[in-house]
Amino acid sequence: MVLTTCTGRGSPCVFSTAAQQRSTGDECGPEDPRDEPKHPLSDCALQHKAIKLEEQVRDLTERYRKALADSENVRRRTQKFVEDAKLFGIQSFCRDLVEVADILEKTAESAAEEAEPSNPNPTLKKIYEGLSLIEAKLQSVFAKHGLQKMNPVGGKYDPYDHEIVCHVPAEGVQPGTIALVTQDGYKLHGRTIRHALVGVAVESQE
């Protein structure tokens, strides 16, 4: 440290060059880093960030669309399930009813045979007429609720609707055609609930 002495009218004064240096250094020292201007992101970095954001938006949009489609599929399946439950909830009951219809039909056929014109018994005739009316009414009720009897005679065999119980010679009909029905089949709103038992025509082997 260098001391400088000065004389004057007053008391001597001493100056310290080190103190001056410290003072000068404080005044001329580096600025606070916080005061330095911040450099903005380069164009390349901004573009890269924008691409990343666009990819995230596309990914989220695609996920949303898939979730929306899945939700719609679940809603449709649930609605279909409810509609089917309403339509086919009586399926088991209908199976039992068609057995009653079978008995009624056979009884009416037997009464018809007994009530031939050669038989003068008026009671049998009235019984047959009554059974015929009941049978017609029953089929009308079936149709009202979507239950229909199949009429496969003359048509092609369909394993989804028919069950083969016998084969008959193809006389006047094409082979593979249903020639007779031993038990009626029924459909409920287009769905087979009982297969028709049928006989299929085949070529006779001589």
Leaving out ligands and nucleic acids, and using a 1.4 Å probe, what accessible area per residue does the stretch 101-206 come to in Å²?
66
Percent breakdown of C-alpha pair distances by 10 Å bin, ordered from the shortest bin, for the stretch 155-206:
29, 48, 19, 4, 0
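Anything over 32 Å Cα to Cα? Flag those among K66/K144; K80/K144; K80/K106; K106/K187, in the order listed.
On the way: K66/K144 42 Å; K80/K144 22 Å; K80/K106 38 Å; K106/K187 20 Å.
From the list (K66/K144; K80/K144; K80/K106; K106/K187), the Cα-Cα distance tops 32 Å for K66/K144; K80/K106.
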With labels modelled as points extended 7 Å from the Cα through the Cβ direction, what inter-label distance (nm, one decimal) is found for E72 paired with I103?
5.2
Give the long-range amide H neighbours of R194: residues separated by 5 or more places, or on another chain, with amide H under 5 Å away, using H modelled in the peptide plane at 1.01 Å from N.
Y186
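The values are calculated or read from the model by the stated rules, or taken from the named source; none is laboratory data. Keep in mind that what you see is a predicted model, and the values were worked out from it rather than measured. A quick note on method: Cβ atoms are made from the backbone with ideal geometry, for glycine too, and the neighbour counts reach across all protein chains shown. Note: accessible area is taken over every heavy atom of the protein model, side chains too, but ligands, DNA and RNA are not part of it. Shrake-Rupley method; radii C 1.70, N 1.55, O 1.52, S 1.80 Å.
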